[in-house]
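The values are calculated or read from the model by the stated rules, or taken from the named source; none is laboratory data. Keep in mind that what you see is a predicted model, and the values were worked out from it rather than measured. Every residue, glycine among them, receives a Cβ derived from its backbone with ideal geometry; neighbour counts consider all protein chains shown.
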Amino acid sequence: MSTPATVPYIEPWLRGTYADIPAVGRAVLHAFDLALDDITKWTEGLTNLEIHAQPLGLSPVSFHLKHIARSIDRLLTYAEGGQISPAQLTLLKTEQTGCETLAELLAEVETAFSNASDRVRVLATADFNIFRGVGRKQLPTSIGGALVHVADHTQRHVGQVVTTSKVIKALRS
């Protein structure tokens, strides 16, 4: 009896997906796919208690998962020319607290990526140099700047999820 060959992991940007989307939008969608792959892989096996833990003073995995999901919505609102709504601000203020399960948080992240996909597809066809103001101070960026940042910001927090998950698993023993 032979052992089935393992299929090598292929990163999203090399899968040939989203070929109908202009390059910048495609890169953002690939960043979301990579984020979901990494989040799913590295949080596997964590308990609901562990995702709220702060090992070595690190921010909990739960915070990063909520922040990823909710910041995508806020950043795309800026890219679209809008400002943060009271509902978005309320959610922002709850990112540090809560007792959600890992399954609930993963579902929130997946929903955020799915909802963001349609918005990114629209923004990907815009003039990336159009001014966008961020926050009350209207700090300067552009549609392109906001799109690139949403991918960068997402990946930054995924890295923190991975690191914190590794620390939690290492501290078990």
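The residues of the range 110-127 that are touching a residue at least 40 places away in the same chain (Cβ under 8 Å), loosely packed, with under 13 Cβ neighbours inside 10 Å and under 14 Å from D73 (Cα atoms) amount to a single one, T111. Between A69, A87, A107, the distinction of being within 25 Å of T47 (Cα to Cα), free of Cβ contacts under 8 Å to residues at least 12 places away in the same chain and out of contact with any strand residue (DSSP E or B) (no Cβ under 6 Å at 6 or more places or on another chain) belongs to A107 only.
Condition check ((1) hydroxyl-bearing (S, T, Y); (2) in a helix (DSSP H, G or I); (3) under 16 Å from the mean Cα position of the chain (by Cα)) across all residues:
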| position | (1), (2), (3) |
| --- | --- |
| Y9 | yes, no, no |
| I39 | no, yes, yes |
| T47 | yes, no, no |
| L56 | no, yes, no |
| H64 | no, yes, yes |
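Number of residues in the range 157-173 that are surrounded by fewer than 12 Cβ atoms within 10 Å (Cβ to Cβ) and either among the charged types (D, E, K, R) or modelled with pLDDT of 95 or more (or both) equals 3. Residues that are of a type in the set (D, E) and either touching an Asp or Glu at 6+ places or on another chain (Cβ under 8 Å) or more than 18 Å from R132 (Cβ to Cβ) (or both) within the range 72-101 comprise E95, E100, listed in sequence order. Checking the stated criteria, R132 turns out to be in a strand (DSSP E or B) and charged (D, E, K, R). Take the conditions (1) part of a loop (DSSP other than H, G, I, E, B); (2) surrounded by fewer than 18 Cβ atoms within 10 Å (Cβ to Cβ); (3) among the hydrophobic types (A, V, I, L, M, F, W, C); A103 misses just one of them, which is (1).
The residues on offer are S62, S71, S85, S117, and the sole one that is among the hydroxyl-bearing types (S, T, Y) and either touching a Phe, Trp or Tyr at 6+ places or on another chain (Cβ under 8 Å) or at positive phi (or both) is S117. For the range 1-53, a residue qualifies if it is loosely packed, with under 14 Cβ neighbours inside 10 Å and among the β-branched types (V, I, T), and the qualifying residues are T3, T6, V7, I10, T17, T40, T47. Screening L34 against (1) touching a Pro at 6+ places or on another chain (Cβ under 7 Å); (2) free of Cβ contacts under 8 Å to residues at least 60 places away in the same chain; (3) closer than 30 Å to P140 by Cβ leaves a single unmet condition, (2). Total residues in the range 15-29 satisfying the condition of being in contact with a helix residue (DSSP H, G or I) (Cβ under 9 Å, 6 or more places away or on another chain) and free of Cβ contacts under 8 Å to residues at least 60 places away in the same chain: the figure is 5.
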